[in-house]
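S.K.: Shown below is the structure under consideration.
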Amino acid sequence: QVQLVESGGGLVQPGGSLRLSCAASGNTLSITAMGWYRQNPGKQRELVAIITRGGSTNIADSVKGRFTISRDNAKATVYLQMNSLKPEDTAVYYCKADRPWDAYWGQGTQVTVSS
């Protein structure tokens, strides 16, 4: 079992920054990758960024150059640094942890970009 706790969401003005954190606990040694997804009502959940245990990353084109994903393996924590935020970045952001045989999701944190 893996538990994920997200933090760092909130309200920010366009052009501003936020940093999301996702701390994993439980059987974290088997986690192969952690990532961030986002979802708006009535829309599919979409990949934002993912990072493997070895540090390889995959960033969505829509946020490339503005968002950075990083992880601290010792703390089993993944971070999403979001800069130059746009209103279209508004969504509930979910953390996900992948293991070879299953996956776990966090509860989600709301990010609202509005003036």
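S.K.: If we only count strands (runs of 3 or more DSSP E) wholly inside segment 40-108, which ones have 1 or more residues that are among the β-branched types (Val, Ile, Thr)?
M.R.: So the answer is 46-52, 57-59, 67-72, 77-82, 91-98.
S.K.: Report yes if GLN44 is farther than 20 Å from ILE59 by Cβ, surrounded by fewer than 14 Cβ atoms within 10 Å (Cβ to Cβ) and of a type outside the set (Lys, Arg), otherwise no. Write out each step before concluding.
M.R.: Working: farther than 20 Å from ILE59 by Cβ: no; surrounded by fewer than 14 Cβ atoms within 10 Å (Cβ to Cβ): yes; of a type outside the set (Lys, Arg): yes.
Answer is no for this residue.
S.K.: Which of the residues belonging to segment 94-103 are more than 10 Å from CYS22 (Cα to Cα) and in contact (Cβ under 8 Å) with a residue 60 or more places away in the chain?
M.R.: ASP98, ARG99, PRO100
S.K.: Moving to a separate point now. From ASP89, ASP98, ASP72, grab the single residue that is within 14 Å of the chain's Cα centre (by Cα) and at pLDDT below 95.
M.R.: Exactly one of ASP89, ASP98, ASP72 is within 14 Å of the chain's Cα centre (by Cα) and at pLDDT below 95, namely ASP72.
S.K.: Going by the structure shown, is ALA24 touching a Leu at 6+ places or on another chain (Cβ under 8 Å), modelled with pLDDT of 95 or more and surrounded by 14 or more Cβ atoms within 10 Å (Cβ to Cβ)?
M.R.: yes
S.K.: Do any residues in segment 104-115 that are on the phi > 0 side of the Ramachandran plot have Cβ atoms under 6 Å from those of residues that are surrounded by 11 or more Cβ atoms within 10 Å (Cβ to Cβ) and assigned to a strand (DSSP E or B), where the two are at least six apart or on different chains, and which pairs are they?
M.R.: From segment 104-115, the pairs are GLY108/VAL92; GLY108/TYR94.
S.K.: Output the number of the condition that ASN83 fails; it satisfies all remaining conditions of (1) open to solvent by 50 Å² or more (accessible area, probe 1.4 Å); (2) out of contact with any strand residue (DSSP E or B) (no Cβ under 6 Å at 6 or more places or on another chain); (3) closer than 16 Å to GLU6 by Cβ.
M.R.: (3)
The values are calculated or read from the model by the stated rules, or taken from the named source; none is laboratory data. Computed from a predicted model, the values in this text were never measured in an experiment. Using ideal geometry, Cβ is built from the backbone for each residue, glycine included, and neighbour counts are taken over all protein chains shown. Accessible surface areas use protein heavy atoms only, side chains included; no ligands, DNA or RNA. Shrake-Rupley method; radii C 1.70, N 1.55, O 1.52, S 1.80 Å.
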